[in-house]
Amino acid sequence: MTFSELSHQAEVLYGTRWQTDLARGLGVSARLVRYWASGQRPVPGWVVGKLSEIGSWKLAEWQRVAEGGA
């Protein structure tokens with residue numbers, strides 16, 4: 001996964017100020033996400049699966065709220 005792909009997906013999930021929220025969601029430091037952003041470290045492959053899990057969870061939450069759940 002390139003940083004461009006990561007940033008696009010993370011912005012969809014967390015909005016324009018996504019780096020800290022993404023770090024929290026992935027269970028990593030915000031500094032590590034900034035390393036990925038700067039190109040100092042590659043985005044690891046496991047991030048793809050974790051983003052998918054987060055997206056599925058958020059979708060389920062949005063659907064529950066849309067159906068009138070709290």
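Summary table
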quantity	calculated
Within the chain: Cβ-based charge dipole about Cα centre, in debye rounded to nearest 20 (Lys, Arg +1; Asp, Glu -1)	320 debye
Surface accessible to a 1.4 Å probe, per residue, for the residues of the chain, Å²	67 Å²
Trypsin sites (Lys or Arg not before Pro) lying in DSSP loop within the chain, provided at most 12 other Cβ fall within 10 Å	R17
Sparsely packed GluC sites (Glu not before Pro) within the chain, loop by DSSP, other Cβ within 10 Å at most 10	E67
For the chain: relative contact order, % (alpha-carbon pairs under 8 angstrom, 6 or more apart)	31 percent
0 to 90° range, to nearest 10: angle between helix 3-14 axis and the chain longest Cα axis	30 degrees
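The values are calculated or read from the model by the stated rules, or taken from the named source; none is laboratory data. For clarity, every value in this text was computed on a predicted model and none was experimentally measured. Note: ideal-geometry Cβ built from the backbone for every residue, glycine included; neighbour counts use all protein chains shown. The accessibility values were calculated without ligands, DNA or RNA, using every heavy atom of the protein model including side chains. Shrake-Rupley method; radii C 1.70, N 1.55, O 1.52, S 1.80 Å.
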